[in-house]
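Data first, discussion second: the structure below is written as structure tokens.
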Amino acid sequence: MTDFPPGSVWLVGAGPGDAELLTRKAERLIGEASVVFHDALVGPGILEMAAPSARLVHVGKRSGRHSKDQATIDQLIVDAALAGEKVVRLKGGDPAIFGRATEELDACRAAGVPVRVCPGVTAASAAAASLGASLTLRGLARKLTFVTAHARAGEALDLDWSRLADPEATLAVYMGKAAAAEVSARLIAAGLAADTPVALVESASLPTERHFNTRLDLLPLAARTALGDGPALLLIGAAMARPEGVSAAVSQMAERQS
Ligand code: SAH
């Protein structure tokens, strides 16, 4: 029994960019698809895994440059499946994290099209790996929060800053580059220390990857000057101190506990 009959859809996580970070299942599904609808953030080499006969359709959205709106994408996927195609909808990272997966799942279900999800490595995991850091830290960062700082044009960010300003959490801010100044000011105003460690990671897992360590009050400057045009993640919290700082904090914690 195949898990990918004609007329069905897989939402597939393409991971953070490096083709080797794709799951084996994702690679197989891409190879079996007759059509692949993909985002702008799908890494190099991944689309080459599709069969030579497969159609590759770019439906990418990047801030400010919406090539296709979500309803159009939903419709394209459903129409292709109803026409008997084997449809892969390939999304950067994990489809279930800031990936508009629900809209596409709902559209398929409403049309009676079988749809499943293949997870992927999310940007926060890739960013931590490239820093050689852990997102959680025993006793110091017991909580990991994924948040998007993407606001509609002209609107302020609608986030609960007092909850986000948690010194025992690591905050992973997706789509946060443009909002870096607001994120910094609001978190400090909500009580998070100005010297809270911050790591900026751009194009994690790709050859163009860059990372930069700074502190919360200096984040606006760093986001303006240290980053290029690639997708970037802001990681905020004690776990993002440079390795020496993290090791010192962990041993202090261990001493206090013994
Ligand atoms: N579903 C994706 C996230 C989509 S939102 C995932 O799970 O990773 C797009 C945002 O993800 C970008 O604005 C950026 O903040 C982040 N991102 C995606 N790929 C990245 C990468 N290789 N390096 C750093 N950040 C990345």
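Since every read-out is calculated from the coordinates, none of them should be taken as a lab result. Because the structure is a prediction, the values reported are computed rather than measured. Heads up, the Cβs are rebuilt from the backbone with ideal geometry, glycines too, and the neighbour counts pull from every protein chain shown.
The Cα atoms of segment 123-247 cover 40, 34, 21 Å along the three principal axes, with the biggest extent listed first. Computed from Cα atoms, the angle from the helix 70-82 axis to the main principal axis of the chain rounds to 40 degrees. If only the Cβ of Lys and Arg carry +1 and only the Cβ of Asp and Glu carry -1, the dipole of segment 123-247 around its Cα centre is close to 160 debye. The antiparallel fraction among DSSP beta bridges confined to the chain stands at about 45%.
Under a Gaussian network description of the chain, with springs only between Cα atoms under 10 Å, the residue in 158, 79, 166 that fluctuates furthest is 158. In degrees, nearest 10, range 0 to 90: what is the angle between the Cα axis of helix 180-189 and the longest Cα principal axis of the chain? For helix 180-189, the angle is close to 50 degrees. Rounded if a/c is under 1.5, else prolate if a/b beats b/c, else oblate: with a ≥ b ≥ c from the C-alpha gyration tensor eigenvalues square-rooted, which is segment 101-163? Oblate shape, in that a/c is at least 1.5 and b/c is the bigger or equal ratio. Taking 0.36 nm per residue of separation and subtracting the Cα-Cα distance, full extension of the segment from residue 193 to residue 248 would add 18.0 nm.
Neighbours of residue 208, meaning other residues whose beta-carbon lies under 13 angstrom from its beta-carbon, give a summed charge of -3 when Lys and Arg score +1 and Asp and Glu score -1. Diffusion coefficient of segment 8-118 by Stokes-Einstein, Kirkwood radius over Cα pairs, 20 °C, 1.002 mPa s: 157 µm²/s.
Can you give me the Cα centroid spacing of segment 24-98 and segment 175-229 in angstrom? Taking the Cα centre of segment 175-229 as reference, the centre of segment 24-98 is 30 Å away. Taking every DSSP helix (H) stretch of at least 4 residues in the chain, weighting each as -39,500 (n - 2.57) and dividing the sum by the residue count yields a mean residue ellipticity at 222 nm of -8500 deg cm²/dmol. For q values of 0.07, 0.11 Å⁻¹, compute log₁₀ I(q)/I(0) with the Debye formula on a Cα-only model of the chain, without solvent. Debye intensities relative to I(0), on a log10 scale: -0.28, -0.65. Return one number: the angle in degrees, 0 to 90 and rounded to the nearest 10, between the long axis of the Cα atoms of helix 243-257 and the longest principal axis of the Cα atoms of the chain. With rounding to tens, the tilt is 70 degrees.
Checking the cross-link pairs 25/177; 68/91; 143/177; 25/91; 25/86 against a 24 Å limit on the alpha carbon distance flags 25/177 as lying beyond it.
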